[in-house]
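Please treat every number below as a calculation from the coordinates, not as lab data. All values derive from a computational prediction rather than experimental measurement. Every residue, glycine as well, gets a Cβ built from its backbone with ideal geometry; the counts of neighbours run over all protein chains shown.
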Amino acid sequence: MDLEWNWNETSIHLPYSSENLKALLDAICKRENSFPQVDFCMWCDNLTMAWEDEDLDGQEELAFLIARDIECQWDLHWYEFYSHEKLMKMDLSKLELPPDWFKEWAAELDGK
């Protein structure tokens, strides 16, 4: 049975890989990203869907867990401050998570 994923819309059109996750995280950490954080979080969610039933190696497994944490923290963080209805009306591209979080995820991905 083929599963059809409900892919998230995102302006990031990179293949789902540990290397691309690292490059995107690095861009956010250096404030060199040309994409909003919401798009990165949606890309991370897409990565977790794409890799859900894959046989992952150690680095890919780590990337999967970090990507899942990123997309989960995005939802959890904003639902602490806003109702679902308010979030649906907001321009999510204006929202940003704390910069230190991205630095921690990048360090974790680097094995530090």
*Step through the residues of region 22-36 one at a time and calculate ³J(HN,Hα) from phi using the Karplus curve (6.51 cos²θ - 1.76 cosθ + 1.60, θ = phi - 60°), rounding each to whole Hz and writing x for Gly and Pro.*
4, 4, 5, 4, 4, 4, 5, 4, 8, 6, 10, 6, 9, 10, x
*All lysines inside 21 Å of Lys22 as judged from Cα atoms, apart from same-chain residues fewer than 8 positions distant*: Lys30, Lys103, Lys112
_Just want the answer: with Cβ charges of +1 for Lys and Arg and -1 for Asp and Glu, which residue in Ala27, Ile66, Thr10 is farthest toward the dipole's positive end in the chain?_
Ala27
*What's log10 of I(q)/I(0) for the chain at q = 0.10, 0.13, 0.17 Å⁻¹, Debye sum over Cα points only, no solvent?*
-0.29, -0.49, -0.83
*Alpha carbon centroid spacing (whole Å) that separates region 1-59 from region 70-112*: 14
*Qualifying trypsin sites (Lys or Arg not before Pro) for region 1-61 [loop in DSSP, other Cβ within 10 Å: at most 14]*: Lys30, Arg31
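Please compute the contact order of region 18-109 in relative form: average sequence separation of alpha-carbon pairs under 8 Å and at least six residues apart, divided by the residue count, as a percent.
Numbers: 59 pairs, mean separation 42.2, N = 92.
In percent, rounded to a whole number, it is 46.
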*asked:* Apply the Karplus curve 6.51 cos²θ - 1.76 cosθ + 1.60, θ = phi - 60°, to the phi angles in region 68-76 and return the couplings in whole Hz, x for Gly and Pro.
replied: 5, 5, 4, 5, 5, 5, 4, 5, 4
*FRET E, pair Glu108, Ser11, Förster distance 30 Å, beta-carbon r, rounded to 0.05*: 0.75
*Length gain on complete extension for the stretch Lys30 to Lys86, per 0.36 nm per residue less the alpha carbon to alpha carbon distance?*
17.2 nm
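Please check the chain for the longest run free of GluC sites (Glu not before Pro) that are loop-located per DSSP (anything but H, G, I, E, B) and have at most 13 other Cβ atoms within 10 Å.
55-95
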*From the phi of every residue in region 49-65, what ³J(HN,Hα) in whole Hz does the Karplus formula 6.51 cos²θ - 1.76 cosθ + 1.60 yield, where θ is phi - 60° and glycine or proline is x?*
5, 5, 9, 3, 10, 7, 8, 9, 7, x, 5, 5, 4, 4, 4, 4, 5
